[in-house]
Amino acid sequence: MLGASLRHRSAARRVAAWVLAVAGPALVGLGLLPFRSSIGLAALLFTLLLPVVGVALIGGARPALTAVGVGFVTAAFLFAPPYGSVRIHRQGDLVAVIAFVVVGAAVGILVVNLSGLADEQAALRRLATLAARAASPDEVFAAVTEEVGTLLPADTTRLLRYEPDGTVSSVAGWSRSGAHIPPFGDRKGFGGKSLSTFIWQTGRPARVDSYADASDPVGAAAHEEGLRSSVGTPVIVEGRLWGIVVAASTSDRRLPRCTEARLAAFTVLVATAIANAESRAELAASRARVVAAGDETRRRIERDLHDGTQQRLVSLGLELRAAETMVPAELTELREQLSGATKGLGDVVENLQEISRGIHPAILSKGGLGPAIKTLARRSAVPVQLDLRAERRLPERIEVAAYYIVSEALTNAAKHAHASVVHVDVKAQDAVVRLSIRDDGIGGADPTQGSGLIGLRDRVETVGGRMEIASAAGTGTSLLVTIPINLS
Amino acid sequence: MPIRLLIVDDNAHFLEAARRLLERQGMTVVGVASTTLDALRRAEELRPDVTLVDIELGHESGFDLARRLAEGTEAHRPPVILISAYPEQDLADLIDASPAVGFLAKSGLSGGAIFELVGRTDKG
Ligand SMILES: Nc1ncnc2c1ncn2[C@@H]1O[C@H](COP(=O)(O)OP(=O)(O)O)[C@@H](O)[C@H]1O
Ligand SMILES: [Mg+2]
């Protein structure tokens, strides 16, 4: 059960452990030598457990057992008569020293196991926290390959995903040397002698000791990269085989037998992270679809109203006015009636324009964000100080989001703030749109008390942006929004 | 002398209604067009005094057409009046940025309004 002792350690740490394993017990022995007559062998043996535990903590089982050996020699040489020889005369001394060897070895191995277990638990806890925090799956994948690589005596670790086209792709990787990581997203076929194939066929952990006779592209690539002893375990997400976690060594050292079991603990976490991320991504995507579908419908309704109804009404108005000009002067009543109808029609047209504008602002699709925000500023009931740096056209979703944010903020300033001025800054020059809308009103805006601000937050998040509201009572209200532009 | 008009709009109903009304009000509609290309050709051959350009010509933009007409040919650069079923305030910034001499809401179209816009530019 040296399982946990297989935890990997850095080279410096290994050297330190070996030095301590040899020098530690010897120094303890030499240090206590002046007190030999007063303290006796038993006290020395007891003290010698100290370097054993220390070495076990830093260096693992083998250095710890070595420390026990060195301790044995030290005790026999310096503290058990005849001095200066490993021979031990007194039977009591012999029993004490043998007891030390047995207890020392047991303590050392216990410490190694516990500390390995603690490391593994710590790693699992870190990953679980990462997965639970809404970290992106890529982040979790990278962390898992690294933690697994650090814990196991592997030279490289990979996370591969089974793709619908019958290949596997590399989604994360780690290597001890920093090299040897295939490009992510790279797809390779499988079906021959490779972990991908074995696990695909059995759904269970698998092991390969050499890729020398690999017969499929994944295996061939592994051989080319110098991978030898390799262990893989399946990642099962909600009942389906999603991919595999692979740990491999590039030396001729065979990965220990417990590797499969230790990998499995991490694989479960990977699967959970993937399931979480998938449902989060699905939720975000569906929210974005709902918003986009809503916007698209509004745009279409506005277009239909404008191109169809509105145009037709306008033409009818012109026809009525043309008819009016043909009415003989003496038919005043008819003329007045026609003129009344024309006027009524005009009102309907205006009404419809008002409705259309609320559904979707024409200037946004025709002129983009700059002119649209200028129009909002001009129409605002509270005077607006505008700093606008947004010349280019942006993806429609972003233009629409930015427009509604400024629109809602200006409406709020007029409706709730008792403000005397609103500062609106819009910058869309780099890879992000930055909006800042600040009023000098009474403050105290609370998104939970209405539908406007909360809707804006939804909107901002569906385009991957962030919104902050600062609105302490008495200090006015500011809305700060950043939206990344580089999403399609 | 009556003002000679070219009307560019992609809506047949509107072209018909506008022509009837404006002619009643003493203008001469020398031609109509419903695409950018058609409009440029007509303007070249008919040499109208004023061209009315709808801001939306299906997939084409009336702003673009106004710009091309204003660049015009050496010989002929007729003033452009933009028209739309949208009210002016909805598109004010874009209208201001265009080389057109003015804007008329379609519902407020009249010979008098055109005369006023063109007369104003003649003076200034
Ligand atoms: N600029 C502001 N200044 C002061 N109070 C505000 C401001 N904006 C919003 N509020 C307060 O926060 C609440 C929530 O705002 P909002 O979500 O826009 O909902 P609504 O405007 O529909 O009431 C408002 O009811 C109002 O009391
Ligand atoms: Mg509001």
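Under 15 Å Cα-Cα from A:LYS193, which aspartates and glutamates qualify once same-chain neighbours fewer than 8 residues away are excluded?
Answer for A:LYS193, where 15 Å is the Cα cut-off: A:ASP209, A:ASP213, A:ASP216, A:GLU224, listed by chain and number.
Can you tell which of B:ARG67, B:ARG42, B:ARG19 shows the greatest fluctuation in a Gaussian network model of chain B with Cα springs below 10 Å?
Evaluated over chain B, the most mobile residue of the options is B:ARG67.
Compute the convex hull volume of the Cα atoms of the range A:338-410, divide it by the residue count, and report the result per residue in Å³ as a whole number.
Working: hull volume 7.7 nm³, N = 73.
Per residue, the Cα convex hull of the range A:338-410 comes to 105 Å³.
Report the relative contact order of the range A:364-487, percent, no decimals, based on alpha-carbon pairs under 8 angstrom and at least 6 residues apart.
Values: 239 pairs, mean separation 30.2, N = 124.
It rounds to 24 percent for the range A:364-487.
Cα axis of helix A:311-326 to longest principal axis of chain A: angle in degrees, 0 to 90, nearest 10?
For A:311-326 against chain A, the angle is about 10 degrees.
Once both labels are modelled 7 Å past Cα along the beta-carbon direction, what's the A:LYS427-A:ALA473 spacing in nm?
The modelled label-to-label distance comes out at 3.4 nm.
Using Cα centres only, tell me the gap between the range A:410-449 and the range B:62-109 in whole Å.
Centre-to-centre (Cα) distance: 34 Å.
In 5 Å bins starting at 0, how do the alpha-carbon pair distances of the range A:229-352 split up by percent?
Histogram of Cα-Cα distances, whole percents per bin: 2, 9, 10, 9, 7, 6, 5, 5, 4, 4, 4, 4, 4, 4, 4, 4, 4, 3, 2, 2, 1, 1, 0.
Pick out, from A:GLN353, A:THR475, A:VAL140, the residue whose Cα sits farthest towards the positive end of the charge dipole of the protein assembly as shown, with +1 on the Cβ of Lys and Arg and -1 on the Cβ of Asp and Glu.
Going by the charge dipole, the pick is A:VAL140.
Can you give me the relative contact order of the range B:4-119 as a percent, contacts being Cα pairs under 8 Å and 6 or more apart?
Values: 194 pairs, mean separation 27.8, N = 116.
This gives 24 percent for the range B:4-119.
Mind jotting down the three principal axis lengths of the range A:301-359 based on Cα atoms? Whole angstrom, largest first.
Principal-axis extents of the range A:301-359 (Cα, largest first): 45, 15, 9 Å.
Starting from the Cα of A:LYS427, draw a straight line to each of the lysines and keep only those under 28 Å, dropping any in the same chain fewer than 8 residues away.
A:LYS427 reaches A:LYS366, A:LYS374, A:LYS415.
To the nearest 0.05, what FRET efficiency results for A:LEU27 and A:THR129 with a Förster distance of 35 Å applied to their C-beta separation? All intermediate terms of the calculation are to be shown ahead of the outcome.
Details: r = 41 Å, r/R0 = 1.18.
My answer for the efficiency is 0.25.
Could I have the simple spin-label model distance between A:GLN449 and A:GLU238, label points 7 Å from Cα toward Cβ, reported in nm to one decimal?
Placing both labels 7 Å beyond Cα along the Cβ direction yields 4.1 nm.
Express as a percent, rounded to the nearest 5, the fraction of DSSP beta bridges in the protein assembly as shown (both residues included) that run antiparallel. If you can, show how the numbers build up before the last one.
Values: 49 of 72 bridges.
Bridges in the protein assembly as shown are about 70 percent antiparallel.
Using +1 on the beta carbon of Lys and Arg, -1 on that of Asp and Glu, and nothing else charged, what's the dipole of the range A:2-130 about the Cα centre, debye to 20?
Charge dipole, the range A:2-130, about its Cα centre: 240 debye, nearest 20.
Taking every residue in B:82-95, how many Cβ atoms of other protein chains lie within 10 Å of its Cβ, on average? Walk me through the numbers on the way to the answer.
Values: counts 0, 1, 5, 15, 8, 6, 0, 6, 10, 7, 7, 9, 9, 2.
The per-residue average across the peptide is 6.
Bins of 10 Å, beginning at zero and ending with the bin holding the largest distance: percent of Cα pairs per bin for the protein assembly as shown, please.
The percentages, shortest bin first, are 3, 12, 14, 12, 12, 11, 10, 8, 6, 4, 3, 2, 1, 0, 0.
Roughly how many whole Å is it from the C-alpha centroid of the range A:289-331 to that of the range A:85-161?
Centre-to-centre (Cα) distance: 77 Å.
Quote to one decimal, in nm, the extra length available between A:ILE39 and A:GLN121 on full extension: 0.36 nm per residue of separation minus the C-alpha distance between them.
Values: separation 82, 0.36 × 82 = 29.52 nm, distance 4.10 nm.
Length difference between fully extended and current span is 25.4 nm.
On average, how many beta carbons from a partner chain sit within 10 Å of the beta carbon of a residue in A:308-320? Provide the component values of the computation, followed by the final result.
On the way: counts 1, 1, 4, 10, 5, 3, 13, 13, 3, 6, 14, 6, 2.
The per-residue average across the peptide is 6.
Between the helical axis of A:36-59 and the dominant principal axis of chain A, each derived from Cα atoms, what acute angle in degrees is found, rounded to the nearest 10?
On a 0 to 90 degree scale, this one is about 30.
How large is the convex hull of the Cα atoms of the range A:272-324 per residue, expressed in Å³ as a whole number?
33 Å³
Given +1 on the Cβ of Lys and Arg, -1 on the Cβ of Asp and Glu, and no further charges, what dipole in debye does the range A:301-359 carry about its Cα centre, rounded to the nearest 20? Provide the component values of the computation, followed by the final result.
On the way: 6 positive and 11 negative charges, 24 e Å.
Its charge dipole is roughly 120 debye.
Please give every one of the lysines within straight-line cross-link reach of A:LYS343, meaning a C-alpha to C-alpha distance under 26 Å, and leave out same-chain neighbours fewer than 8 residues apart.
B:LYS106
May I ask you to derive the FRET efficiency for A:HIS223 and A:ALA265 from their Cβ-Cβ distance with R0 = 22 Å, giving the value to the nearest 0.05?
Numbers: r = 28 Å, r/R0 = 1.29.
Working from the Cβ atoms, E equals 0.20.
Could you give the angle, 0 to 90 degrees to the nearest 10, between helix A:332-359's Cα long axis and the longest principal axis of the Cα atoms of chain A?
Taking Cα atoms only, the helix is inclined about 10 degrees.
For the range A:136-281, what is the convex hull volume of the alpha-carbon atoms per residue, in Å³? Intermediate results must be reported in sequence, preceding the final value.
Numbers: hull volume 14.2 nm³, N = 146.
Per residue, the Cα convex hull of the range A:136-281 comes to 97 Å³.
With the contact rule set at Cα under 8 Å and sequence spacing of 6 or more, what percent relative contact order holds for the range A:407-476? List each step's numbers first, then the result.
Working: 81 pairs, mean separation 21.6, N = 70.
In percent, rounded to a whole number, it is 31.
Every number here is computed from the coordinates shown, using simple stated rules; none is lab data. Predicted model, so just to flag it, every value in this text is computed and none were measured. Please note: Cβ atoms are built from the backbone with ideal geometry, for glycine as well, and neighbour counts cover all protein chains shown.
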